[in-house]
1. Counting just the residues of segment 29-62 that are part of a strand (DSSP E or B) and among the hydroxyl-bearing types (Ser, Thr, Tyr), which one comes out surrounded by the most Cβ atoms within 10 Å (Cβ to Cβ)?
2. Looking at Ala8, Ala65 in this structure, which one is surrounded by fewer than 10 Cβ atoms within 10 Å (Cβ to Cβ) and either part of a strand (DSSP E or B) or modelled with pLDDT under 95 (or both)?
3. Return a yes/no flag: does segment 11-22 have any residue that is open to solvent by less than 60 Å² (accessible area, probe 1.4 Å), touching a Lys or Arg at 6+ places or on another chain (Cβ under 7 Å), farther than 16 Å from Asn69 by Cα and assigned to a strand (DSSP E or B).
Amino acid sequence: MTLKIISAEDIVFEGEVSVVHLPGSMGAFTVLPGHASLISTLTPGTVRYTAPDGEHTAEISGGIADVDNNIVSICIY
């Protein structure tokens, strides 16, 4: 699946991943390939994802996540 992490200033990450862990406002959740479509607000915390070269993290102050058709788009602030 494809992950896009975008801020107002830059594209933080765009690439293929196997799993994404997100700090949702209703609780943390994990997105795997084939996940149902959803939109969620994000709280301050850590986004963790596994790319072909290993696990990575990104600290966020909040944002919005959109999951659709194996594309996870995260707009952060």
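The values are calculated or read from the model by the stated rules, or taken from the named source; none is laboratory data. What you see is a predicted model, and the numbers here were worked out from it, not measured in a lab. A quick note on method: Cβ atoms are made from the backbone with ideal geometry, for glycine too, and the neighbour counts reach across all protein chains shown. Remember, those area values only see protein heavy atoms, side chains included, never the ligands or the DNA or RNA. Shrake-Rupley method; radii C 1.70, N 1.55, O 1.52, S 1.80 Å.
1. Per the criteria, the residue is Tyr49.
2. Matching residue, one of Ala8, Ala65: Ala8.
3. Scanning segment 11-22, I find at least one residue that is open to solvent by less than 60 Å² (accessible area, probe 1.4 Å), touching a Lys or Arg at 6+ places or on another chain (Cβ under 7 Å), farther than 16 Å from Asn69 by Cα and assigned to a strand (DSSP E or B), so the answer is yes.
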